[in-house]
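Trainee: The structure's right below; bear with me while I get my questions together.
The values are calculated or read from the model by the stated rules, or taken from the named source; none is laboratory data. From a predicted model like this one, the values you see are computed outputs, not experimental measurements. Cβ placement follows ideal geometry from the backbone for every residue including glycine, while neighbour counts extend to all protein chains displayed. For accessibility, only protein heavy atoms count, side chains too; no ligands or nucleic acids. Shrake-Rupley method; radii C 1.70, N 1.55, O 1.52, S 1.80 Å.
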Amino acid sequence: MADDSIAVVDLDRCQPDRCNYECANFCPPNRTGKECIVTREERHGDEVPYAGGPDQVSISEEICLGETCGICVVKCPFDALEIINLPQELDEHPTHRYGENSFALYGLPAPQEGRVTGILGPNGIGKTTAVHVLAGEITPNLGRFDDEPDWEEVFETYRGTALQDYLEDLREGSLTVARKPQYVDRIPDQFDGVTRELLAGVDERGVADDIVERLEIGPVVDQPIETLSGGELQRVAIAACLVRDADFYFLDEITPYLDIGQRVTAARLVQELSAEGRSMLVVEHDLAVLDLLADALHVGYGEPGVFGVVTGPKSTKAGINEYLEGYLENENMRIRPGSIEFEEHAPRTVTRGDVLVEYPALTKSYGEGEFTLEVDAGTIHRNEVLGIVGPNGIGKSTFAKLLAGRLEPDEGSVAFDSASEGDLEISYKPQYVEIDQPMRVDAFLRSITDDFGSSYWTTEIAQPLQLERIFEQDLPDLSGGERQRVAIAACLSTEADLYLLDEPSAHLDVEQRVLATRAIRRYTENHDKTAMVIDHDIYMIDLLSDRLQVFEGTPAEYGHAGEPMSMRGGMNAFLANLDVTFRRDERTGRPRINKPGSQKDREQKQAGEYYYAPTEEE
């Protein structure tokens, strides 16, 4: 194979018991007598190294003709093979490779003392691998998985760079690190006890009480870890990391399960710790939060599951803008065919008289002393996307269930427009996706819609949600992001008048969120449908919504939902509660959080414009 190509076998997809080894039979080098594609047993004998079974295939990267051939990739019935040309600018050897025909990472971010360094990139390109290396949990093998180098060779590779001193100090134990894991739902498997015990065991700085108060997790400190919700686990994990007394802190995704207010609080805690001279490295998909807290940014790109590249440091503004535009200037590298654009004009106008749902004031209580939701009377228009924002535990999902008919209100009732024929049909994607039926993805979606596989369904739903590569996977085996995309597809594939999607951005990376947003928006526009979207990602709400409904109150006690209003009115009311102002980036049009106390922040608060200054069109 050419030096700038890589071959990867997805061992979860490679199913030799269900194929005839089409990849090997049609491989041109194989047909000339060379052993390019053979079984792992044939390649290595009785003891197959690395992961994978003896009957799964092994590709010789020395013999393979590279991406210019690609016959095996096309012939494999399970999409298990990838032959990719690497960017010519890459170093000859990767930083780390997991094994034969496995994922390879090129480059590492350089932690900067006393600063917050961010990493931005899609899922599956090695961001977490980089964190594990820098936290001392993985020794970089420089791509030599069959003959691992010693540390002296690693130091020599990075000689003359900031990483040399860092790795040497890490190896010698002269610096300490603290890491917040990516998947907080696994914490109960590793700790058996109450929250207070967990935090007390790691509170090396004596600040646990203050951070518990700031993160508002006081009500759960005496609860067993296994009883906590996703949002509570996330805040406990952040607290457990930040109370440590370390030189470097690594935080792998701090926003999943958190509402916008909690995200801003977590970001401010990270900034304050950095201001004390601590060094922070944060992996994050929420661009607004990353923009707020990072002093510098590394961009990750590549082919998910095949290879990943981490760029050198950039300014946060330049890094996010280049990532959105799909072109890295210093590297002269296009990482995406097109750019991600944000509209700078007012949302589309919806006719006031064209009503789909009209509901009176509603009340729902879960019992005396329990949570109560009060909803102001309002209307939902035809052919609009209504964004819904507010803190966790404030009643947003309860309201969705009331509209979907899954809950009955204590007072009031939902009334449908008289022009509707019969009951309003509602398709609902819940907040927590649980699709554990023992069936494949394609069979599941085929059971929902007769349009499965049609050109319009493929173009409008399957391709934007990147479903085709997971059609043959079983539902219980899907990752959180894969389940989310399947659930969105199932919701949009159901014929309905109103589509309710509760937190569709959860577990998705930046590009997947934008693609999901476009799929929802395009579907509603092309089919004259109405959607209600509950989400905490300001970028998704900004791209998607025509109007906004704001929830406020006291989480877990009382919630109040105002009537739907204009995006500007709604965002101004919502952001004022958070004491946060946004502006539009002059280059990309994306929303950006103003630095607290900055001149722009003070000017907008004085003018009462929290949601960026209006244009002449507005």
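Trainee: State the number of residues belonging to region 97-141 that are open to solvent by 20 Å² or more (accessible area, probe 1.4 Å) and in contact with a helix residue (DSSP H, G or I) (Cβ under 7 Å, 6 or more places away or on another chain).
Mentor: Number of matching residues: 7.
Trainee: Give the residues of region 106-127 that are over 18 Å from V270 (Cβ atoms) and either of a type in the set (V, I, T) or free of Cβ contacts under 8 Å to residues at least 12 places away in the same chain (or both), sorted by residue number.
Mentor: Once the filter is applied, which keeps residues that are over 18 Å from V270 (Cβ atoms) and either of a type in the set (V, I, T) or free of Cβ contacts under 8 Å to residues at least 12 places away in the same chain (or both), region 106-127 yields only I125.
Trainee: Being open to solvent by 40 Å² or more (accessible area, probe 1.4 Å) and closer than 17 Å to D4 by Cβ is the filter here; which residues of region 27-72 pass it?
Mentor: If the condition is that a residue be open to solvent by 40 Å² or more (accessible area, probe 1.4 Å) and closer than 17 Å to D4 by Cβ, then E61, E62, I63, L65, E67, T68, C69 are the ones that fit.
Trainee: I've got another one for you. Answer with yes or no whether P94 is crowded, with 16+ Cβ neighbours inside 10 Å and either modelled with pLDDT under 90 or touching a Phe, Trp or Tyr at 6+ places or on another chain (Cβ under 8 Å) (or both).
Mentor: Taking the combined requirement at face value, the residue satisfies it.
Trainee: From the list T39, T32, which residue is of a type in the set (V, I, T) and under 21 Å from D79 (Cα atoms)? Quick ask: steps written out before the conclusion?
Mentor: On the way: T32 fails: under 21 Å from D79 (Cα atoms).
Criteria check complete, one pass: T39.
Trainee: Tell me which residues, restricted to region 504-515, are surrounded by fewer than 24 Cβ atoms within 10 Å (Cβ to Cβ) and within 20 Å of A404 (Cβ to Cβ).
Mentor: Residue satisfying the conditions is A506 alone.
Trainee: Please go through region 4-26 and pick out each residue that is open to solvent by 30 Å² or more (accessible area, probe 1.4 Å) and within 16 Å of G99 (Cβ to Cβ).
Mentor: The answer is D10, L11, D12.
Trainee: Within region 596-609, does at least one residue satisfy the condition of being of a type in the set (A, V, I, L, M, F, W, C) and either open to solvent by less than 30 Å² (accessible area, probe 1.4 Å) or closer than 26 Å to G319 by Cβ (or both)?
Mentor: No, region 596-609 has no match at all.
Trainee: Return the total of residues in region 524-554 being under 17 Å from R382 (Cβ atoms), open to solvent by 10 Å² or more (accessible area, probe 1.4 Å) and not in a loop (DSSP other than H, G, I, E, B).
Mentor: Number satisfying all stated conditions: 3.
Let's see how each residue does on (1) at pLDDT 90 or above; (2) assigned to a loop (DSSP other than H, G, I, E, B); (3) closer than 22 Å to D528 by Cα:
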{"position": "I435", "(1), (2), (3)": "no, yes, no"}
{"position": "F444", "(1), (2), (3)": "yes, no, no"}
{"position": "L465", "(1), (2), (3)": "yes, yes, yes"}
{"position": "Q484", "(1), (2), (3)": "yes, no, no"}
{"position": "C491", "(1), (2), (3)": "yes, no, yes"}
{"position": "E495", "(1), (2), (3)": "yes, yes, yes"}
{"position": "L501", "(1), (2), (3)": "yes, no, yes"}
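Trainee: Considering only region 257-284, state which residues are open to solvent by less than 10 Å² (accessible area, probe 1.4 Å) and within 15 Å of D509 (Cα to Cα).
Mentor: V282, V283, E284
Trainee: What number of residues within region 438-467 are farther than 14 Å from A519 by Cβ and open to solvent by 30 Å² or more (accessible area, probe 1.4 Å)?
Mentor: Of the residues in region 438-467, 13 are farther than 14 Å from A519 by Cβ and open to solvent by 30 Å² or more (accessible area, probe 1.4 Å).
Trainee: Now for a different question. I'd like the full set of residues that are open to solvent by 30 Å² or more (accessible area, probe 1.4 Å), touching a strand residue (DSSP E or B) at 6+ places or on another chain (Cβ under 9 Å) and assigned to a helix (DSSP H, G or I), limited to region 570-595.
Mentor: Selection gives A573, N577.
Trainee: Inside region 151-258, counting only helices (runs of 4 or more DSSP H) that do not spill past its ends, which hold 2 or more residues that are modelled with pLDDT of 90 or more? Quick ask: steps written out before the conclusion?
Mentor: Working: elements: 151-157, 162-172, 187-190, 195-202, 208-214, 230-242.
Here the list reads 151-157, 162-172, 195-202, 208-214, 230-242.
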